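For reference, the structure is listed below as structure tokens.
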Amino acid sequence: MSSGTRDPESDGGLRVLAAGDLADGTSAKFLLPCGGRQLECFVVRHEGRLHAFVNECRHVPMTMDWVENQFFTEDGAYLLCPTHGALYVPDTGECVAGPACGKSLFRVPLVERDGEVFALCPDPLP
Ligand code: FES
């Protein structure tokens with residue numbers, strides 16, 4: 001997990017990984033300084049593309065990786081909150097099953113520059 005004290009919005013984002021990092025179906029957590037707080041976030045690669053979200057279930061604001069850094073269901077199709085079983089679509093963060101249905105994880109915008117991937121603060125902040 002990486003962290004920093006910079007403001008990611010003012011300096012173009014927090015570098016979270018190289019564009020080629022992270023195998024499909026895996027994830028990596030990072031701390032993103034936003035609005036005076038450190039948001040725990042995670043990035044996943046799903047079907048070749050990277051997506052990042054705040055590590056907070058939309059049912060109850062709890063982190064979703066009971067097992068450190070494990071977000072995917074066993075078949076790799078969804079992101080799982082094991083507390084009450086909410087399933088989220090990895091591409092969109094939309095909850096499609098469980099008590100958070102109809103809500104979406106807070107997306108963390110990613111930008112790629114020169115082979116590096118940077119995270120920006122979600123807007124609005126959770
Ligand atoms: S806290 Fe995530 S499903 Fe209830």
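The values are calculated or read from the model by the stated rules, or taken from the named source; none is laboratory data. These numbers come from a predicted model, not from an experiment. All Cβ positions, glycine included, derive from the backbone under ideal geometry; neighbour counts span all protein chains shown. Each accessible area value is taken on the protein alone, full model and side chains, heavy atoms only, with ligands, DNA and RNA left out. Shrake-Rupley method; radii C 1.70, N 1.55, O 1.52, S 1.80 Å.
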*May I ask you to list the residues in the stretch 83-92 that are over 13 Å from R45 (Cα atoms) and either in contact (Cβ under 8 Å) with a residue 40 or more places away in the chain or assigned to a loop (DSSP other than H, G, I, E, B) (or both)?*
T83, H84, G85
*When only residues in the stretch 45-57 that are surrounded by 16 or more Cβ atoms within 10 Å (Cβ to Cβ) and in a loop (DSSP other than H, G, I, E, B) count, which is nearest to the ligand (Cβ to nearest atom)?*
C57
_Let me confirm something: among Q38, Q70, which residue is polar (S, T, N, Q), outside any strand (DSSP E or B) and in contact (Cβ under 8 Å) with a residue 24 or more places away in the chain?_
Q70
*asked:* Can you tell me which of (1) away from the ligand (no atom under 16 Å from the Cβ); (2) open to solvent by 40 Å² or more (accessible area, probe 1.4 Å); (3) in a strand (DSSP E or B); (4) not polar (S, T, N, Q) is the one L80 doesn't meet?
replied: (1)
_Pair list, Cβ under 7 Å, 6 or more apart: the stretch 97-126 residue within 18 Å of Y78 (Cβ to Cβ), other residue loosely packed, with under 14 Cβ neighbours inside 10 Å and modelled with pLDDT of 95 or more_ = G98/H84; G98/G85; P99/H84; S104/T92
*Of all residues in the stretch 58-77, how many are hydrophobic (A, V, I, L, M, F, W, C) and within 9 Å of the ligand (Cβ to nearest atom)?*
3
*Can you run down the residue pairs with Cβ atoms below 9 Å, 6 or more apart or on separate chains, where the first is in the stretch 45-64 and within 14 Å of E94 (Cβ to Cβ) and in contact (Cβ under 8 Å) with a residue 40 or more places away in the chain and the partner is outside any strand (DSSP E or B) and among the hydroxyl-bearing types (S, T, Y)?*
H51/T92; C57/T63; C57/T83; H59/T83
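Let's see how each residue does on (1) assigned to a loop (DSSP other than H, G, I, E, B); (2) modelled with pLDDT of 95 or more; (3) open to solvent by less than 20 Å² (accessible area, probe 1.4 Å):
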position: T5; (1), (2), (3): yes, no, no
position: S10; (1), (2), (3): yes, no, no
position: L22; (1), (2), (3): yes, yes, no
position: K29; (1), (2), (3): no, yes, no
position: V43; (1), (2), (3): no, yes, yes
position: H59; (1), (2), (3): yes, yes, no
position: D75; (1), (2), (3): yes, yes, no
position: A100; (1), (2), (3): yes, no, yes
*From the residues in the stretch 83-98 that are surrounded by 15 or more Cβ atoms within 10 Å (Cβ to Cβ) and under 16 Å from the mean Cα position of the chain (by Cα), which one is nearest to the ligand (Cβ to nearest atom)?*
A86
